[in-house]
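K.L.:
One structure coming up, written as structure tokens, with questions to follow.
Where a number appears in this text, it was derived from the coordinates with a stated rule and is not lab data. These numbers come from a predicted model, not from an experiment. Every residue, glycine as well, gets a Cβ built from its backbone with ideal geometry; the counts of neighbours run over all protein chains shown.
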Amino acid sequence: MISRQGVLNLLYQPVWVFSICCAILAGRTANADEDTLRFCCSYQLSSALMAERVQSFTKSTGVKVDLIIVSSPMAYRYTIFGASDIGGLALRGPPPSRAGCEKFEVIPFCEDGISLIAHAKTAIESIPARRLRDLFSGEIKNWKELGGMDLPVVLVLPDRGTGAYRNFERMAMLGSEIAYDVMTKNSTMVIEIVKQLPGSVSFIGQGATVALHGIRTIRVNKQLPTDKRYPYRQTYYLVLPLEPRTPAKQFVDFVLSEAGTNIMKQRGMVPLPRKVHVP
Amino acid sequence: MRRVTIIALIVLTVFLLCLPDRPAVAKERLRYACSAQVYGAFGSEVLVVFQRNTGIEVETRISSSSKAVQRLEYDFADIASTSRRILYDRMELGYVAIPFCKDPLAIIANVQCPVDDITEDQLQDVFSGDISNWKGVGGPDQSIVRVVPDKETSANKNFRRHVMKYKDMTYDIVTHISTDTIVVTEKLPWAISFIARGAVHGKEGIKVMRIDGRLPDDPGYPYFQVFYLVTKRTPIGPARALVDFVFSVDGKAIIKKRGMIPMERAPRD
């Protein structure tokens with residue numbers, strides 16, 4: 001006999017609710033159109049590369065793409081639960097031991113520097129990695145402490161659940177706590193905030209900042225994100241079932257084609273040789 | 001002998017000249033942990049007049065209400081202000097919470113947004129994520145940018161209680177300090193947020209929205225929060241002086257000037 005409380009507990013389990021929603025979504029969209037590719041992509045990856053790639057893909061193959069833009073962990077879950085044919089993310093995904101992951105392959109396809117971006121009027125050219133940690137831990141309160149103008153530092157961060165945050169926390173902060181003044185739900189929204197707020201500073205995939213005006217990229221250890229010795233580089237991944245639908249297979253080939261890798265290079269990103277990692 | 005006297009006088013003069021400037025009597029000091037909303041609403045102006053009138057030097061630390069009370073708890077402050085009632089267990093420990101002002105919780109938007117009026121239900125739908133476009137509330141086809149103070153702030157807690165009735169809330173941007181929602185909303189044309197009415201007094205890039213046709217000054221406006229001064233025991237010395245000042249004619253005049261409602265002092269306070 002299951003108690004009423006037990007039933008309620010089951011209903012309130014977010015994983016259950018999420019799975020049911022995904023199953024409904026999957027059922028609805030799978031029947032919608034066999035030639036439509038359901039592609040769930042992280043905000044960073046979409047801004048850096050994919051929004052443009054998707055259009056070219058449809059143009060050259062005739063396959064329509066239903067593009068859903070979410071955070072990296074959500075893109076992974078959408079794919080694992082069958083609500084998406086392929087996922088594009090800025091995180092590797094859960095460890096191989098996780099149940100349900102064995103039927104999916106993860107393809108690392110591109111490396112991109114994590115840019116340190118600041119408001120255009122911030123007169124700082126470069127920052128040592130150690131001082132960067134002081135900056136984002138909230139110890140440095142004013143730009144003058146770094147040799148800049150007398151202006152309070154405004155720390156703008158993407159949400160803690162985003163790939164951008166997790167990668168930055170791991171690579172730049174070495175796991176130490178990050179302070180914030182403004183936090184955005186979508187990682188790429190930090191760009192808009194940094195443009196608007198004097199004294200603000202944030203971080204985001206370098207590819208997402210190409211050809212943007214109104215922000216300044218600050219060097220780390222005198223290196224730009226496109227330089228070989230730049231310390232913070234994140235990897236972008238594609239995730240898809242071991243036996244994918246035809247449009248998903250076509251899309252992977254398209255992204256990894258010579259034309260695809262050329263676009264990555266043009267945007268300052270580093271294409272990786274094709275190597276399939278099965279979790 | 002005369003020579004010795006002259007030398008002694010010179011030495012004394014040099015010694016006196018080297019002494020640092022200090023007043024004859026040490027100034028009284030008050031360590032004040034202030035909620036960001038209270039500070040934004042009227043704190044800065046009150047403190048200037050208070051210091052001028054009493055000569056008491058105030059060292060102010062601005063934070064969320066809960067952090068302000070924590071500073072008081074750990075003796076980093078003599079008095080705190082909050083925009084939320086303190087917990088019952090603290091009252092049992094002898095803390096004194098003195099309500100001194102009622103402030104409407106204002107719904108604010110960027111001044112460029114053409115929508116002036118919103119219903120209570122629509123407001124709930126906007127912050128629950130059911131309405132994501134200004135079209136949904138009679139505005140242009142633009143995505144709504146929801147700017148929300150951190151969930152630990154009293155502004156957020158009061159909003160969840162009064163507006164959301166404890167329904168889940170979504171956001172696009174979170175600010176660590178509640179009054180920073182004003183700065184962000186000023187900069188983003190399609191932003192909507194909420195904050196103490198007094199804190200937006202005189203801000204040019206912001207407009208206060210009507211709720212079901214009512215502005216915060218109108219009778220029947222639905223959302224209010226109460227500001228409190230908190231001490232660990234019955235206030236004495238400089239803390240007492242601040243309490244007295246807030247309830248004085250000068251203090252009440254500042255509260256009224258900024259569109260808030262001064263409260264009468266309870267006899268026990």
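K.L.:
Pop the C-beta distance of A:Lys265 and A:Met173 into the FRET formula with R0 = 22 Å and round what comes out to the nearest 0.05. Kindly include the intermediate steps, with their values, before the conclusion.
P.N.:
Working: r = 29 Å, r/R0 = 1.33.
After rounding, the FRET efficiency stands at 0.15.
K.L.:
Scan chain B and note any complete DSSP helix (H) whose C-alpha atoms cover at least 18 Å along its axis and whose Kyte-Doolittle average is 1.0 or more.
P.N.:
Length and hydropathy pass: B:2-18.
K.L.:
Taking H placed 1.01 Å from N in the peptide plane, check which residues at least 5 places from B:Val148 or on another chain put their amide H under 5 Å from its amide H.
P.N.:
Under 5 Å from the amide H of B:Val148 lie the amide H atoms of B:Asp172, B:Ile173, B:Val174, B:Thr175, each far enough along the sequence or on another chain.
K.L.:
Related question: How big is Rg to Rh over chain B, alpha-carbon atoms, Rh as the Kirkwood inverse-mean-distance radius?
P.N.:
1.16
K.L.:
Moving to a separate point now. Just tell me how shielded B:171-180 is by partners: mean number of partner chain Cβ atoms within 10 Å of each residue's Cβ, no decimals.
P.N.:
Shielding by partners across B:171-180 averages 5.
K.L.:
What does the convex hull of the Cα atoms come to per residue for the stretch B:70-137, in Å³?
P.N.:
Cα-based convex hull of the stretch B:70-137, divided per residue, equals 171 Å³.
K.L.:
Taking only Cα atoms of the stretch B:191-269, what ratio of Rg to Rh do you get with Rh as the Kirkwood inverse-distance radius?
P.N.:
When Rh is taken as the Kirkwood radius, the ratio is 1.04.
K.L.:
Can you list the HN-Hα couplings for the stretch A:114-122, worked out from phi with the Karplus curve (6.51, -1.76, 1.60; θ = phi - 60°), rounded to whole Hz and with x for Gly and Pro?
P.N.:
Per residue, the Karplus-derived 3J(HN,Hα) values read 8, 6, 9, 10, 9, 4, 4, 8, 6 Hz.
K.L.:
Taking the alpha-carbon centroid of each part, what is the distance from the stretch B:200-269 to the stretch B:49-109 in angstrom?
P.N.:
So the separation of the two Cα centres works out to 12 Å.
K.L.:
Using a Gaussian network model of chain B with C-alpha springs under 10 Å, which one of B:Gly205, B:Gly251, B:Gly138 is most mobile by mean-square fluctuation?
P.N.:
The residue that fluctuates most here is B:Gly138.
K.L.:
Something else about it: Do any GluC sites (Glu not before Pro) in the stretch A:113-213 lie in a DSSP loop with no more than 10 other beta carbon atoms within 10 Å, and if so, which?
P.N.:
Working: sites: A:Glu125, A:Glu139, A:Glu145, A:Glu169, A:Glu177, A:Glu192; in loops: A:Glu125, A:Glu139, A:Glu177.
Of the GluC sites (Glu not before Pro), the ones in loops of the stretch A:113-213 whose Cβ has at most 10 other Cβ atoms within 10 Å are A:Glu177.
K.L.:
Still on this structure, I have one more. When the gyration tensor of the protein assembly as shown is built from Cα positions, what are the square roots of 5 times its three eigenvalues, in whole Å, from largest to smallest?
P.N.:
Those come to 51, 32, 21 Å.
K.L.:
Continuing with the same structure: Can you give me the Kirkwood hydrodynamic radius for the stretch A:114-220, using every pair of distinct Cα atoms, in Å to one decimal? The partial results should precede the final answer.
P.N.:
On the way: mean 1/r = 0.0746 Å⁻¹.
The Cα-based Kirkwood calculation yields 13.4 Å.
K.L.:
Just to confirm a number: summing +1 for Lys and Arg and -1 for Asp and Glu over residues other than A:Ile193 whose beta-carbon lies under 13 angstrom from that of A:Ile193, what do you get?
P.N.:
-3
K.L.:
Next up: Loop only per DSSP, at most 10 neighbouring Cβ atoms within 10 Å: give me the trypsin sites (Lys or Arg not before Pro) in the stretch B:165-269, ordered by residue number. Don't skip to the answer; put the middle values down first.
P.N.:
Values: sites: B:Lys165, B:Lys167, B:Lys187, B:Arg197, B:Lys203, B:Lys207, B:Arg210, B:Arg214, B:Lys232, B:Arg233, B:Arg240, B:Lys252, B:Lys256, B:Lys257, B:Arg258, B:Arg265, B:Arg268; in loops: B:Lys165, B:Lys167, B:Lys203, B:Lys232, B:Arg233, B:Arg258, B:Arg265, B:Arg268.
For trypsin sites (Lys or Arg not before Pro) across the stretch B:165-269 that sit outside H, G, I, E and B with at most 10 neighbouring Cβ atoms in 10 Å, the list reads B:Lys165, B:Arg233, B:Arg268.
K.L.:
Tell me the net charge near B:Val226. Cut-off is 11 Å between Cβ atoms, B:Val226 excluded, with +1 for each Lys or Arg and -1 for each Asp or Glu.
P.N.:
Details: positive: B:Arg84, B:Arg85, B:Lys102; negative: B:Asp103.
Residues close to B:Val226 contribute a combined charge of +2.
K.L.:
Further question on the same structure: Within the stretch A:223-264, list the residues whose amide N lies under 16 Å from a label point set 7 Å along Cα→Cβ of A:Ala51.
P.N.:
From the stretch A:223-264, the list is empty.
K.L.:
Separate question: Calculate I(q)/I(0) for the stretch B:104-211 by the Debye formula, one identical point scatterer on each C-alpha and no solvent, and give its log10 at q = 0.12, 0.14 Å⁻¹ to two decimals.
P.N.:
Cα-only, vacuum Debye calculation for the stretch B:104-211: -0.33, -0.45.
K.L.:
When Lys and Arg each count +1 and Asp and Glu each count -1, what net charge do the other residues less than 11 Å away from B:Gly139, Cβ to Cβ, add up to?
P.N.:
-2
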